[in-house]
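Each reported figure results from applying straightforward, stated rules to the coordinates on display, with no laboratory input. Because the structure is a prediction, the values reported are computed rather than measured. Counting neighbours? That spans all protein chains shown, and the Cβs are built from the backbone with ideal geometry, glycine included.
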Amino acid sequence: MSRKLQIGVMGSAADLNYSETVAILAEEVGRELALQNCTVVFGAEKDYDSLSTAAGRGARSAGGLTIGITYGKGLVVFDEADVVVTCGAERGGPRESVLVLSCDAIICISGDSGTLTEMLVAYQSNIPIIALTGTGGWSDKIAGQFFDARKRQHNISPKMLDF
């Protein structure tokens with residue numbers, strides 16, 4: 001018996017004022033992953049929306065399985081998540097590690113410090129990263145680059161998806 005690929009979608013939180021176009025793209029990414037029979041793993045935010053949760057909504061709209069990784073304690077209902085995993089830690093590293101290490105690959109859309117942390121965890125763990133260029137944030141800044149001088153794995157691939 002094989003399992004579905006678990007693909008994480010990482011991206012900016014709503015307080016970074018991303019565009020509606022980028023939010024629609026995040027939903028399309030989630031929907032397409034579900035149509036490809038992938039499980040979508042995302043950062044489930046308790047207090048505001050994000051590009052990550054938009055991907056969860058897109059996956060759910062296509063009948064896909066979604067896993068929301070949230071911070072703090074206690075299970076919370078998220079419309080975007082079939083399964084909720086509470087990591088017990090706050091934002092700032094531990095949640096991002098649990099999120100990324102639960103993925104076979106990650107797709108990054110825009111992103112600020114949390115997305116950068118997720119990219120670095122993926123890089124250190126040899127988890128493939130796809131950075132959607134043209135979406136702003138760290139996805140644009142780091143696409144096609146190495147994170148350090150070791151250049152041990154060139155897994156940062158710029159990709160603009162056209163669904």
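Restrict the search to the stretch 58-127; then list the trypsin sites (Lys or Arg not before Pro) that DSSP places in a loop and that have at most 12 other Cβ atoms within 10 Å of their Cβ.
Filter output for the stretch 58-127: Lys73.
If you only keep lysine pairs separated by 8 or more in sequence, or across chains, how many in the chain come under 23 Å at the Cα atoms?
Count of close lysine pairs: 5.
Using DSSP to define loop residues, name the chymotrypsin sites (Phe, Trp or Tyr not before Pro) in the stretch 1-69 whose beta-carbon has at most 12 other beta-carbon atoms within 10 Å.
The qualifying sites are Tyr48.
Determine the percent antiparallel among the DSSP beta bridges restricted to the stretch 6-158, to the nearest 5.
5 percent
Find the eigenvalues of the gyration tensor of the Cα atoms of the stretch 6-158, then list the square roots of 5 times those eigenvalues as equivalent ellipsoid semi-axes, largest first, in whole angstrom.
So the equivalent ellipsoid measures 22, 17, 15 Å along its semi-axes.
Kindly provide the helix-only [θ] at 222 nm of the chain, computed as the sum of -39,500 (n - 2.57) over DSSP H runs of four or more divided by all residues, to the nearest 500 deg cm²/dmol?
-9500 deg cm²/dmol
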